[in-house]
Amino acid sequence: EDQVVKRGQKIAEMGNTDTDQVKLHFEIRRQGKPVDPTRYLPATR
């Protein structure tokens, strides 16, 4: 929480656990409330 992320900054890495699936929870919050992250991500090509 309360972290600023800059363009190009690594925010996660894949690990090796006892599961056969890799999962990542990604969430953006403004003033403590979740917001639509697509507003902050680049458009797909």
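The values are calculated or read from the model by the stated rules, or taken from the named source; none is laboratory data. For clarity, every value in this text was computed on a predicted model and none was experimentally measured. Cβ placement follows ideal geometry from the backbone for every residue including glycine, while neighbour counts extend to all protein chains displayed.
Before moving on, here are some points about what is shown:
- Near pairs, Cβ below 8 angstrom, 6+ apart or cross-chain, from segment 7-36 (outside any loop (DSSP other than H, G, I, E, B)) to any residue that is surrounded by 10 or more Cβ atoms within 10 Å (Cβ to Cβ) and basic (Lys, Arg): Val35/Arg29
- When the residues of segment 33-44 are filtered to those that are surrounded by fewer than 10 Cβ atoms within 10 Å (Cβ to Cβ) and closer than 17 Å to Arg7 by Cβ, the one that is modelled with the lowest pLDDT is Thr44.
- Segment 1-32, subset charged (D, E, K, R) and more than 15 Å from the chain's Cα centre (by Cα), residue modelled with the lowest pLDDT: Asp18
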